[in-house]
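See structure below.
Each value in this text was obtained by applying a stated rule to the coordinates, not by laboratory testing. Source: prediction; values computed, not measured. Note: ideal-geometry Cβ built from the backbone for every residue, glycine included; neighbour counts use all protein chains shown.
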Amino acid sequence: MTAKLVMENIGMKFGEGSGKTTVLDDVNLSIDTGEFVAITGPSGSGKSTLLSIAGALLTPTRGRLLLNGENVSTLSPKESTAMRLHNIGFIFQSAHLIPYLRVEDQLLYIGKIAKLPKQQAKKRAHERLAMLGLTHRKRHYPANLSGGERQRVAIARAWMNDPELLLADEPTASLDASRGQEVVETLAKQVKEQQKAAVMVTHDTRLFDLCDRVITLSDGKIEQSMKEMVST
Amino acid sequence: MFLALRELAYSKLRYIMVGLIIFLLSFLVLFVSGLAQGLANDNAAAIQNMENEAEYFVIDEEAELQLTRSLIDDEDQQIVNNHVDDTQILGVHQGTIQDEEESITDITKFFVDPDSNLYPEVTEGELPSEGHEVLANESIQEDGYAVGDEFLEDTTEEIFTISGFTSNQTYSHTPVLYVTEEGWQEMSGSDPGSDDDELLASALVLPEISEETVNDLNNELGDGEVVTIQESLSGIPGYSEEQGSLWMMIVFLFIISAFVLAAFFYVITIQKLTQFGILKAIGANVSELARAILVQVVIISVTSVAVGIGATYLVAALLPVGMPFMLPVTMVALLAGLFIVVAILGSLLSLYKVKKVDALEAIGGMEA
């Protein structure tokens with residue numbers, strides 16, 4: 001299997017001079033195609049920073065980041081924006097939908113900025129919405145959706161451009177347990193079916209058995225990396 | 001367009017309010033401009049009209065640009081005639097006339113050669129054919145005068161007759177009466193037909209001449225000086241004061257508009273910063289977002305200014321006839337264009353803010 005995401009000796013420091021704090025210290029990580037990985041750890045351990053670096057939202061102080069074999073660390077801000085658009089799907093803690101776009105338009109807009117042909121974008125948006133059971137909600141504004149529905153729209157949106165890598169930062173934080181389970185199950189299923197890769201930051205131990213691997217981060221270091229037995 | 005239009009449709013109330021403010025400001029700007037133009041016209045139309053045919057006045061230096069106080073003596077007239085071929089004598093005198101019921105009307109008497117191109121066109125009645133006939137501006141009709149009416153002229157205390165009307169000939173907010181050569185001579189105290197029948201000249205009207213000639217004339221002339229017709233406008237009583245205060249209001253309105261709009265767009269943008277951050281995180285680039293903002297600003301301002309123009313013309317149509325109001329299309333186009341530019345300038349601060357917004361910070365949830 002080929003690696004979708006490779007992090008080599010990633011280090012991240014914030015602040016200057018004596019106030020300098022090391023958030024990540026020499027992190028090495030490789031995520032394979034079809035793999036769904038959970039990152040957990042106490043707060044302040046650098047989970048979210050790691051995710052931001054993986055998503056090219058943050059540039060690490062040192063180390064190398066490879067996405068699909070391409071070196072991302074050397075890209076300009078403009079290039080990394082384009083890279084995010086085409087290769088990475090984000091799911092945030094809260095859905096972070098655009099309030100004035102209907103569900104369908106949330107997805108179509110991604111297609112539009114990615115310069116997808118209109119027909120293709122439409123077709124794909126419908127597929128994604130159907131996949132997440134949102135077809136009957138496509139004309140609704142985010143304000144008229146339940147929390148779970150919003151998060152599912154966010155997943156559909158992250159999926160819109162067929163990204164190689166999906167990054168989710170506590171996607172279930174705003175959902176109740178059963179909804180959260182459902183959302184993550186969908187996520188895991190998609191990763192397997194589409195042969196993509198996904199990294200999810202979570203505190204929820206109940207979700208671990210849906211993941212292929214759980215990485216525990218502590219003080220900016222990978223403390224343990226355990227394989228779970230997954231029944232697919 | 002995708003984001004811009006959908007957001008306008010979603011946040012209707014907010015953008016209608018911004019539009020309303022732009023509408024009100026543009027209406028005020030257009031209306032005050034119309035008033036300024038109208039007053040300028042009412043005050044100086046007779047002189048402004050001459051600008052179409054000529055370029056310079058020779059005026060008495062000590063008159064401080066006031067035609068009514070100026071007098072060009074024979075010597076200076078001779079000097080000017082030596083340099084310039086096509087000069088015209090202009091006589092200006094302010095006075096009053098009385099109708100049969102002894103009601104008094106302020107007027108300005110003008111003398112120009114009826115054969116020259118400075119002489120206005122007759123819109124009603126006929127050209128004066130006898131000495132005691134005048135061509136009057138039609139605004140004198142408001143005081144009850146009609147073609148053929150007689151009046152008592154104050155300097156000569158003689159009876160004169162209105163032979164016809166012309167239009168758009170006013171000076172210092174009074175109607176202009178174009179008098180005949182004979183009439184002018186009588187009014188200026190010389191005896192027509194006698195040896196002393198020189199025409200009294202308040203000013204000489206010159207066509208376009210070279211700067212060299214202007215300098216030569218200014219050197220040689222005794223009491224006279226050469227000024228452009230435009231410059232001489234400020235000598236009309238009240239002209240600079242009126243125009244100065246009105247145009248100051250217009251300039252201030254533009255400055256206020258720029259700040260109000262900048263503040264509005266800025267606050268709206270600040271409110272949406274998180275959204276812009278998300279959009280950036282999912283891959284929208286800055287120019288995409290900037291375009292969305294600009295499209296919105298242009299749509300709102302063009303619509304509001306268009307409504308403002310409509311409202312201005314509507315109100316102008318409802319104004320009483322005597323109200324000086326004039327709004328040429330070129331002026332409207334200029335002001336409307338300026339307004340839209342001001343609105344766009346006002347949104348620049350927002351664009352800068354959007355450029356600066358950090359995707360990560362906006363999302364807020366990525367901090368460990």
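Taking the DSSP bridge list for the protein assembly as shown and keeping only pairs wholly inside it, about 70 percent are antiparallel. Shielding by partners for peptide A:90-102, expressed as the average number of C-beta atoms from other protein chains within 10 Å of each residue's C-beta, is 5. Only beta bridges with both residues in chain B are counted; by DSSP, about 80 percent of them are antiparallel. Sequence-distant contacts, meaning Cα pairs under 8 Å at least 6 residues apart, place the relative contact order of the range A:6-149 at 18 percent. A crude spin-label estimate for the pair B:Leu334 and B:Ala317, with each label 7 Å from Cα along the Cβ direction, gives 2.6 nm. For chain B, the normalised intensity computed at q = 0.10 Å⁻¹ comes to -0.75 (log10 of I(q)/I(0), Debye sum over alpha carbons, equal scatterers, no solvent). Note on chain A: along the principal axes its Cα atoms extend 52, 39, 37 Å, ordered by decreasing extent.
Rounded to the nearest 10 degrees, what's the angle between the helix B:239-271 long axis and the longest principal axis of chain B, both from Cα atoms, 0 to 90? Once rounded, the angle reads 10 degrees.
Roughly what angle does helix B:12-50 make with the longest principal axis of chain B, taking Cα atoms, 0 to 90 degrees, to the nearest 10? With rounding to tens, the tilt is 10 degrees.
Measuring max minus min along each principal axis, the C-alpha atoms of the protein assembly as shown give extents of 129, 51, 39 Å (largest first).
Highest mean first, the peptides B:241-248, B:264-271 sorted by other C-beta atoms within 10 Å per residue fall in the order B:264-271, B:241-248. The alpha-carbon of A:Lys20 sits under 26 angstrom from the alpha-carbons of these lysines, leaving out residues fewer than 8 places away in its chain: A:Lys47, A:Lys221, B:Lys356. For the range B:222-359, list log₁₀ I(q)/I(0) at each q in 0.09, 0.11 Å⁻¹, using the Debye formula over Cα point scatterers of equal strength and ignoring solvent, two decimals each. Results for the range B:222-359 at q = 0.09, 0.11 Å⁻¹ read -0.46, -0.61. Checking the Cα-Cα distances for B:Lys12/B:Lys280; A:Lys138/B:Lys355; A:Lys78/B:Lys280 against a 20 Å cut-off, the pairs over it are B:Lys12/B:Lys280; A:Lys138/B:Lys355.
Per-residue mean of foreign Cβ neighbours for A:108-115 is 4 (Cβ atoms of other chains, 10 Å radius). For the range A:1-75 and the range B:31-66, what is the separation of their Cα centres, given in Å? Comparing the Cα centres of the range A:1-75 and the range B:31-66, I get a distance of 75 Å.
Given bins 5 angstrom wide, list per bin the percent of all Cα-Cα distances in the range B:47-232, short to long. Using 5 Å bins, I get a P(r) of 1, 8, 17, 21, 19, 14, 11, 5, 2, 1, 0 for the range B:47-232.
For the range B:186-298, the fraction of alpha-carbon pairs lying more than 21 Å apart is 70 percent, rounded to a whole number. With contacts taken as Cα pairs under 8 Å and at least 6 residues apart, chain B reaches a relative contact order of 28 percent.
A straight line joining the Cα centroids of the range B:133-192 and the range B:204-259 runs 28 Å. Partner aspartates and glutamates whose Cα lies under 14 Å from the Cα of A:Lys196, excluding those fewer than 8 positions away in the same chain, are identified as A:Asp32, A:Glu35, A:Asp162, A:Glu164, A:Asp212. Shielding by partners for peptide B:274-281, expressed as the average number of C-beta atoms from other protein chains within 10 Å of each residue's C-beta, is 5.
Put simply, the amide H of B:Gly224, placed in the peptide plane, has neighbours under 5 Å in B:Glu61, leaving out anything fewer than 5 places away on its chain. The distance from the alpha carbon centre of the range A:132-183 to that of the range B:98-120 is 84 Å, rounded to a whole number.
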